[in-house]
Structures are given as structure tokens and as C-alpha cells.
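The values are calculated or read from the model by the stated rules, or taken from the named source; none is laboratory data. Bear in mind the structure is a predicted one, so any value in this text is a computation, not a measurement. Note: ideal-geometry Cβ built from the backbone for every residue, glycine included; neighbour counts use all protein chains shown.
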Amino acid sequence: MAVASTRLGRIIAGMSEDPRHLRGRAAEDMAAAHLRAHGLLVVRRNARCPFGEVDLVCRERDLLIIVEVRSRARSDHGDALESVTWRKQRRIVRTTEFLLQRHAEWRGLRVRFDVIAIEGTPLQSRRLRWVRDAFRPT
């Protein structure tokens, strides 16, 4: 099988099989740049574990900030912030608990869960909303 016919081959060649993936990555790039501009250190992107994935892991002094990035081109199906349901929050919390077990350097830090919602497309004006302390573990 030729490398270009595999998913890895398409990624290496700079092509994605899903335009939503490209839009999601662009939204995460925009969110990471925004957070850096506000003094946060982005220490990890797309941290995965068996429970799920967190988009951005940031540091600000003694605070570990877990950031969920949500993007919507249109609001027909609801706003980007509304898409962070209780079930999604629980998955993010479980993923964070797993990551804290794996990263000793993060264990003594306070944890905060933020959401960044980006609405619009790269060809239009995009609106970014950063909700600090958007939810807490239950």
C-alpha cells in the first residue's frame, strides 16, 4: 500500500481527510495564541488518554488550566459554549485525573477548567469568547 493512501500519508502530505479536523486545529491554534497573549504557558496540546482528550493544558503560576476549545461556523445547531455538555465535562475531568496521575510535575497545582468558544469561519470575522472557570468537577 502506498504511504499517500493511508491516513498517516495524508497527514504527512499536509492533507486531512476531514475539513472539520482542519477547522478544529485552526480554532485550537487561535485559542493557544490568545492564551499566550494573556500570559499563559501552553504546556500540552491534544493530551490523549483512554478516557478522552483535552485540547490545551496551560500553566499560570501555581494553576493548571485545562482548556476545551469549541468551534462553530454557524449557530444553527446552538452556540459553541452550549456544546460543552455535562457528559463532555465529565470526560474532560476524567481525562484530567488520568493526566495528573501520569505527570507528577502537575500534581501540586490547583486545576481550573476553562472553555474557549470560537464562532465564525476563517474567511469571516471570528469571535472568541474565553470563559474562565467554566465548570467544576462534580
>> What's the total number of residues in the range 58-113 that are of a type in the set (A, V, I, L, M, F, W, C) and touching a Leu at 6+ places or on another chain (Cβ under 7 Å)?
In response: 9
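With respect to LEU123, is the statement that it is modelled with pLDDT of 95 or more and not in a helix (DSSP H, G or I) true?
Numbers: modelled with pLDDT of 95 or more: no; not in a helix (DSSP H, G or I): yes.
Considered against the rule, which asks whether it is modelled with pLDDT of 95 or more and not in a helix (DSSP H, G or I), LEU123 comes out as no.
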> Looking only at the range 82-119, which residues are farther than 15 Å from GLU53 by Cβ, assigned to a loop (DSSP other than H, G, I, E, B) and under 17 Å from the mean Cα position of the chain (by Cα)?
Replying inline: THR85
> When you go through (1) part of a loop (DSSP other than H, G, I, E, B); (2) without any contact (Cβ under 8 Å) to a residue 12 or more places away in the chain; (3) not aliphatic (A, V, I, L, M) one by one for ARG36, which number turns out not to apply?
Replying inline: (1)
